[in-house]
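The values are calculated or read from the model by the stated rules, or taken from the named source; none is laboratory data. Predicted model only: the values in this text are computed from it and were never measured. Virtual Cβ from ideal backbone geometry, glycine too; neighbours counted across all protein chains shown.
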2 protein chains.
Amino acid sequence: MNDTFLKACRGEAVPYTPIWIMRQAGRYLPEYHTVRDKFTFLELCKTPEAAAEVSMQPVDILGVDAAILFSDILVPMEKMGAPLDFLENRGPVFAHPIRDAAAVDRLVVPDPELELTYVLDTIRILRRELADKVPLIGFSGAPFTLATYLIEGGGSRTFWHTKQMMYQAPELYRKLLEKITACTINYLQAQAAAGAQALQIFDSWVGVLAPDDYAEFALPYVQWLVRALKETGVPVIYFANNGATLLEMAKTSGADVLGVDWRVSIDDAVARLGQDVSLQGNLDPVALLLPEDRLATRVERIIAQGRKARGHIFNLGHGIQPETPVEKAKLLVQLVHELSGKGRA
Amino acid sequence: MNDTFLKACRGEAVPYTPIWIMRQAGRYLPEYHTVRDKFTFLELCKTPEAAAEVSMQPVDILGVDAAILFSDILVPMEKMGAPLDFLENRGPVFAHPIRDAAAVDRLVVPDPELELTYVLDTIRILRRELADKVPLIGFSGAPFTLATYLIEGGGSRTFWHTKQMMYQAPELYRKLLEKITACTINYLQAQAAAGAQALQIFDSWVGVLAPDDYAEFALPYVQWLVRALKETGVPVIYFANNGATLLEMAKTSGADVLGVDWRVSIDDAVARLGQDVSLQGNLDPVALLLPEDRLATRVERIIAQGRKARGHIFNLGHGIQPETPVEKAKLLVQLVHELSGKGRA
C-alpha cells in the first residue's frame, strides 16, 4: 500500500511528500458531474455506490495519496432531527433553526450503524475498491461549525444567532454542543470501525471567533472529540479554517495533524507549533491559476518548509474551486510528487 | 476640543481611552433610517447636508470621540469610469467588471475637487457643525480592496477573478492598481485639504491573500499611498481586516495607527508590533450582545492590553451590525470611558 499519507500523519519518514486535495471529489471534475447529474446532492451522499464512485475518481484521475469519503458534514445533523435541504445557489438550509431549549431538547443522538448506514456502506465499498492502493479518510464537521449551521439555519456571514446563544444563553449553547459532540464521536468512531483509516475534523467557521471565545466555546468540544477518537487508533486531522491566531490552542486538541490555511506560512506554523504535530496544507486554491513555473516555485517553497515539520501532507489551504481546470489539479499532484523526490533513486 | 482620539493616534498621553465605532453612522440607528429612507444609498452619499446629518448622529447620540464622514469606499471608483449600483440584498455591483487591458485603459484618475465635490462639501459642513467638538475622520478603501470590487464586479467569496489577474496578467494588475492608488492619493489629500483630521484606509478583503501575495500585490500600493499622505500632516489609520498574519508587514505601510480585528488579541499585536505604532480595535461586534457584566469584563481587558501600546483607540474589530440595539452601542461608549478613567480626578 501507498502509506506515505498515514506515515506523514504520524511523523514517520516518507520517501516523498504525500498529497490529497480538499474537495478532490467534486465539481471541478467532469466525471463528477456525470454521476452527480443523476441525483440531488443529498441523494448522492446517501447512495453508497455512487458516493464511492465519485470518491474514487480523484484517486484514478489525479493520483493523490489518499481518498476521502464523499459526503457532507451536515448529513448526521439531519439524523439528529433537523430537516436539511440543499438549495441551488444558496447551499444548506435547516428550515427550523435550533435557537431555544425546546428545539435543543428535541434533538437526538443517532446511532450511526442504524441511521447513517449509507455513510458506513460507502466506506466499506471504498475500502474494497481501493484494495489498499491508498488510505481512506473519513470526516465530520467540528462541533462549533456544525452548531453554527443548526443555529443560523444555514450559512452566515456574521454568525449573529450563534454568538447570541453563546453570549446570552451559554447553558443552552453548551447543551447543544454536548449533543452535537456526542453525535460526532459516535459517527467518527463508526467510520473508523467501518474502515476509515484517518479522520478529518472540519472546523470551517471557527475563524469567526475571538481567541478567548474559541477557548471557551469551541476548543473544549474538539478536545473531547479527539480524546474519544484515540481508541480507534487512526490518525486525526483537525482543520481550524482561518484560524491563524488559534493554532497553538488548536494543537491542544490532541490531533495528530493540524490543517493550516494559506494565510499562515508553514514556516510560521512550524515555529509556533514545534515538532510534536504534523501539518497539512496550504497552497491558496486559486494559486492553481499560476503559470507552471511560478506554481512550481510556490509548491517547492511549501514542500521545503514542510520538511521542517514533524510530518507534512501537501494540500490546498481550502477546498479546490469548481472553476479549476482539471489539468491544473493533475499538475499540482505531479509537481508535489516530483519536487519532493518521488521516483528519485 | 476633545482631542483624545488624535493624541492616541500620535501616541501622546490621554486622560482616557478614546472610542469611535466602525459604521457608527449606520443602520442600527433609527435616526439614520429617518434620513436614509428619503434617498437611495448612493444619493445619500452624494447629498452633503444629509450625509453630514447622519455623520453627526453618533456623535450626539453615543458620545464617541471622533466623527467619520458618511460615504462609501466605492464612490471614487464610479468617477474613475466604472458605473456603480447598490442593489438591495446584494450590495455594490459594477455592471462592467474591469478584466482586460481595454477596460483598465478606459479608467481615468478623477480630480476630486471637480468630480467628488459632494464628499468634500460633506467634510466642510461637518467641520462647521462639529465646531471642534471632536475630530473628523475621512476615509477610502485600500487599493487592493478597491481593485477586487472592480475586477469581480462586486463582492466575492473566493476572489477568483482578482487572483486570476494577479497570477496570469500581473502587468495589467499592476497598471490597474497604480491607477487606483493615484486616484486614492488625490482623493484622500483632497479630504485632508477639505478638513478631515485623520484618514482611515479600509483594506476590507486583504485577508484573502497569502502573506507572499500580500507583500507582492497589495502592500506596495498601501506604502505608496501612506507615503503620499505624510505631507497632509494628518494621522493615517490602516485597517487590514482579517490580516492576523499580515500585521508586521502592514506596519511597514508607515501608517500611524493599525486597525486590528477581533481575531488578534491586543496583547499579541503589541508583542508583535512594538512601541512605534498605535493600535485601534478590537471588540467582536457581536460581543455587544453580552450581558453588561461580561461586556464590561471584556472591555476592561481590551483597555488594559491597549495601555501597553504606544496609543490605543477603542473600536469594534469590524463594523457594527445593523441588528445591534442602540442601547448596547451607548453602553459600550460609556463603559470604555468609565473603565479607562474618564471623569476620574
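What the table below lists for this structure:
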quantity	calculated
Residue count for region A:208-249, restricted to those that are in a helix (DSSP H, G or I), within 14 Å of another protein chain (Cβ to nearest Cβ), crowded, with 21+ Cβ neighbours inside 10 Å and in contact with a strand residue (DSSP E or B) (Cβ under 9 Å, 6 or more places away or on another chain)	2
Residue in region B:290-312 that is within 13 Å of another protein chain (Cβ to nearest Cβ), within 15 Å of A:Trp160 (Cβ to Cβ) and at pLDDT 95 or above present	yes
Residue list for region A:153-175, restricted to those being within 12 Å of chain B (Cβ to nearest Cβ), outside any loop (DSSP other than H, G, I, E, B) and of a type outside the set (Lys, Arg)	A:Trp160, A:His161, A:Thr162, A:Gln164, A:Met165, A:Met166, A:Tyr167, A:Gln168, A:Pro170
Helices (runs of 4 or more DSSP H) fully within region A:49-124 counting 2 or more residues that are charged (D, E, K, R), crowded, with 18+ Cβ neighbours inside 10 Å and modelled with pLDDT of 95 or more	A:75-79
Hits in region A:263-285 (condition: within 16 Å of A:Leu335 (Cβ to Cβ) and either facing chain B (nearest Cβ under 10 Å) or in a loop (DSSP other than H, G, I, E, B) (or both))	A:Asn282, A:Leu283, A:Asp284, A:Pro285
Residues being among the hydrophobic types (A, V, I, L, M, F, W, C), in contact with a Leu (Cβ under 8 Å, 6 or more places away or on another chain), crowded, with 18+ Cβ neighbours inside 10 Å and assigned to a helix (DSSP H, G or I) - total across region A:1-42	1
Any hit, region B:295-305, residues being over 28 Å from B:Thr252 (Cβ atoms) and either touching a residue at least 60 places away in the same chain (Cβ under 8 Å) or among the small types (Gly, Ala, Ser) (or both)	yes
All positions within region A:63-88 that are out of contact with any strand residue (DSSP E or B) (no Cβ under 9 Å at 6 or more places or on another chain) and of a type in the set (A, V, I, L, M)	A:Met80
Subset tally (residues that are within 13 Å of chain B (Cβ to nearest Cβ), of a type in the set (Gly, Ala, Ser) and closer than 20 Å to A:Gly63 by Cβ) for region A:313-333	1
Selection count where residues are in a helix (DSSP H, G or I) and either of a type in the set (Val, Ile, Thr) or within 18 Å of B:Leu74 (Cβ to Cβ) (or both), scope region B:125-152	11
